[in-house]
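Structure first, then comments.
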Amino acid sequence: QVQLVESGGGLVQPGGSLRLSCAASGIIFRIYTMGWYRQAPGKQRELVARITSGGSTNYADSVKGRFTIARDNAKNTVYLQMNSLKSEDTAVYYCNAVLVTKDYWGQGTQVTVSS
């Protein structure tokens, strides 16, 4: 059974930082492309950042220079370091694992940026 379990969300003030974690089980983690997506109220889910099995990364323009995605294959975990957070970063953040036709999602973790 595949499980992706996110953690690290919460309430943070504008300009603050959070680190999200996603622990995966039931998959050969190291061969999957891992991603973080987010969905704000009334908006479509959007890609935030993605890291391939080889370590290549790509980011949404809105988070470039502020967010960093990283993976630890020994721990089957992918991270999203979020700095200089803005109110518009408020959303539910979802972890995603994809390999060809296999596509798995976590349950999401809420990130709220507010003073």
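The values are calculated or read from the model by the stated rules, or taken from the named source; none is laboratory data. As the structure is a prediction and not an experimental result, all values here were calculated from the model. Note: ideal-geometry Cβ built from the backbone for every residue, glycine included; neighbour counts use all protein chains shown. Heavy atoms of the whole protein, side chains included, go into the accessibility calculation; ligands, DNA and RNA do not. Shrake-Rupley method; radii C 1.70, N 1.55, O 1.52, S 1.80 Å.
Would you mind calculating the gained length between Gln39 and Ser115 on full extension (0.36 nm times residue separation, minus the Cα-Cα distance), in nm to one decimal?
So the chain would gain 25.3 nm between Gln39 and Ser115.
In the full protein context, the chain carries 53 Å² of accessible surface per residue, based on a 1.4 Å probe and ignoring ligands, DNA and RNA.
Over the C-alpha atoms of region 1-42, the Rg to Rh ratio, Rh being the Kirkwood estimate, stands at 1.05. If the chain linking Lys102 and Asn83 were pulled fully straight, counting 0.36 nm for each residue of separation and taking away their Cα-Cα distance, it would gain 3.8 nm. The alpha-carbon of Lys75 sits under 28 angstrom from the alpha-carbons of these lysines, leaving out residues fewer than 8 places away in its chain: Lys64, Lys102.
When averaged across all projection directions, what area in nm² does the alpha-carbon convex hull of region 1-78 cover?
Details: hull surface 24.3 nm².
Directional mean of the projected Cα hull area for region 1-78 stands at 6.1 nm².
Candidates Thr90, Ile69, Gln110 compared by Cα position along the dipole of region 69-115: farthest toward the positive end lies Ile69, with charges placed on Cβ.
Kirkwood-based Rg over Rh for region 31-115 (C-alpha set), two decimals? Let's see the in-between values first.
On the way: Rg = 12.7 Å, Rh = 13.3 Å.
Rg divided by Rh gives 0.96.
Just Ser53, Ser17, Ser62 to compare: in a GNM of the chain, with alpha carbon springs under 10 Å, which one fluctuates most? Among Ser53, Ser17, Ser62, the largest mean-square fluctuation in the Gaussian network model of the chain belongs to Ser62.
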